[in-house]
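First the structure, in the form of structure tokens, and then the observations on it.
Each value in this text was obtained by applying a stated rule to the coordinates, not by laboratory testing. Just so it is clear, the structure is predicted and the values come from calculations on it, not from any experiment. Cβ coordinates were reconstructed from backbone atoms using ideal geometry, including for glycine residues, and neighbour counts include every protein chain displayed.
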Amino acid sequence: MSVIILILASTFLVSCISLVGILTLSLREKLLDEALLILVSLSAGTMMGGAFFHLLPESVEISANINIFIYVIFGFLLFFFMEKSLFWRHCHRKECDVHTFAYMNLAGDLVHNFIDSLAIAASSISSVGLGIVTTLAISFHEVPQEIGDFGMFLFGGFKKKKALILNFLTALSAVLGGVIGYLLSMYLQRFVIFLLSLTAGGFICIASSDLIPEIRKIEPLKQSLLIILTFCIGIIIMWMLKS
């Protein structure tokens, strides 16, 4: 019972991050851009650290004779394909198309949040510590993404209230995914191994193909050093959380 409570609490917490966009309305655009880049850098570090320090070692430990790296590559390719087909990308500088893309982004978020919650469920069943680590890594990633999504929805023509409600409702798909992941994982041990490896591949894909290219655009030396430091802090956080 404690595992399902942890899964529900974790997925609901991740869902609530969708409301963070309202806090950005009072920030100046330049300050918001700088804060987003730091969050993106921290997210990239925690995802890399989470994949290599937690998800991959745990997958190897419980995999027996299963080649988990096939699942890792599959996870990388799956997330890469979904990013391209569902237009998952950050809109930090309002470069995205409007209106149609806003609705496409909602559909993409539904799938995205559902998969994230499956990963949280599988990790929590494997161990409480791994569940917490996975939730942290996903949360760090969700903050800049949800801020970007909220800004894009406003730019696309949504009213503030409608943007918040739609964003939160799509985020709640994480709770449903957590319950489904729990029910499936309780009966299929191989499913847990598959999801942990899939999540590792997905984290590596998001960090390397989406987040790191974003922070590599920074040219001033002072900002670049801050971004590198934040990235390393994200990795160190995951390393310090090793059991």
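Tabulated data for the structure shown
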read-out	value
Packing-based order for 126-133, 66-73, using average beta carbon neighbours within 10 Å, highest first	126-133, 66-73
Inter-label distance for Leu221 and Ser2, nm, one decimal - labels placed 7 Å from Cα along Cα-to-Cβ	5.3 nm
Karplus (6.51, -1.76, 1.60) ³J(HN,Hα), θ = phi - 60°, over segment 224-241, in Hz, Gly and Pro reported as x	4, 5, 5, 5, 4, 4, 5, 4, 5, 4, x, 5, 5, 4, 5, 5, 5, 8
Residue exposure sequence - Met238, Met47, Met186 - by fewest surrounding Cβ within 10 Å	Met186, Met238, Met47
Computed lengthening from Ile62 to Cys16, 0.36 nm per intervening residue step minus Cα-Cα distance	13.4 nm
Neighbour net charge for Ile120 - beta-carbon separation under 15 angstrom, K R +1, D E -1	-3
Residue order, fewest to most beta carbons within 10 Å, for Glu61, Glu142	Glu61, Glu142
Net charge of Cβ neighbours under 12 Å - reference His54; Lys, Arg +1; Asp, Glu -1	-1
Label-point separation in nm, Lys84 to Leu169, each point 7 Å along Cα→Cβ	3.2 nm
Under-5 Å amide H pairs with Ile66, H placed in peptide plane, nonlocal only	none
Residue order, fewest to most beta carbons within 10 Å, for Ile237, Ile228	Ile228, Ile237
Leu183-Ala35 FRET efficiency (beta carbon distance; Förster radius 45 Å; 0.05 resolution)	0.70
